[in-house]
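Visitor: Just dropping this structure here.
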Amino acid sequence: MARKQRTEEEEATIDMTPMLDIVFIMLIFFIVTTSFVKEAGIEVNKPQSDQATKQKAANIFIAISEGGDVWMDKRQVDVERVRANLERLLAEQPTDVVIVQADLESEHGVVVEVMDQIKAAGIDRISIAAKDN
């Protein structure tokens, strides 16, 4: 009986194409399903509260500085432009809650104007950030 001689061309090889396809599909899946947090862009001195509770993860933060400057998505915006910027952010990533980070020394009127703009954009749940005692 003649034994079959294997040539180099008949050697077993591993096809990497299906594995690479799966890796790229998983990469695309994770990129699409990742939620990005839209930070306000400045740090504010939040008021303290005994009744502060942890809010579930929110994606959009609006900060109001001591001088009344409004920050969204790491840039300063006018109070009148909060609604338009919020609608743009909501188109990218829908959410049902927005967190307002108002400085302890910020004016009440500016905070109310920002909250009105948020309501006009269609968000009913607004949380005010505070430090827990």
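The values are calculated or read from the model by the stated rules, or taken from the named source; none is laboratory data. Fair warning: this is a prediction, and the values are worked out from it, not measured in the lab. Cβ placement follows ideal geometry from the backbone for every residue including glycine, while neighbour counts extend to all protein chains displayed. The accessibility values were calculated without ligands, DNA or RNA, using every heavy atom of the protein model including side chains. Shrake-Rupley method; radii C 1.70, N 1.55, O 1.52, S 1.80 Å.
Visitor: Got a number for residues in the stretch 66-91 being part of a helix (DSSP H, G or I), touching a residue at least 24 places away in the same chain (Cβ under 8 Å) and charged (D, E, K, R)?
Guide: Of the residues in the stretch 66-91, the ones part of a helix (DSSP H, G or I) are 79-91.
Still in the running and touching a residue at least 24 places away in the same chain (Cβ under 8 Å): 79-80, 82-83, 86-87, 89-90.
The next check asks that each one be charged (D, E, K, R); those that pass are 80, 83, 87.
Here the count works out to 3.
Visitor: Something else now. Take the residues of the stretch 97-115 that are free of Cβ contacts under 8 Å to residues at least 40 places away in the same chain and hydrophobic (A, V, I, L, M, F, W, C): which is nearest to ILE60 (Cα to Cα)?
Guide: VAL100
Visitor: Please enumerate the residues belonging to the stretch 100-120 that are open to solvent by 20 Å² or more (accessible area, probe 1.4 Å) and within 18 Å of the chain's Cα centre (by Cα).
Guide: GLN101
Visitor: Considering only residues that are open to solvent by less than 30 Å² (accessible area, probe 1.4 Å) and touching an Asp or Glu at 6+ places or on another chain (Cβ under 9 Å), which ones fall in the stretch 121-133?
Guide: ALA121, ILE123
Visitor: All but one of (1) closer than 15 Å to ILE128 by Cα; (2) of a type outside the set (D, E, K, R); (3) assigned to a loop (DSSP other than H, G, I, E, B); (4) modelled with pLDDT of 70 or more hold for ALA63; which doesn't?
Guide: With (1) closer than 15 Å to ILE128 by Cα; (2) of a type outside the set (D, E, K, R); (3) assigned to a loop (DSSP other than H, G, I, E, B); (4) modelled with pLDDT of 70 or more applied to ALA63, the lone miss is (3).
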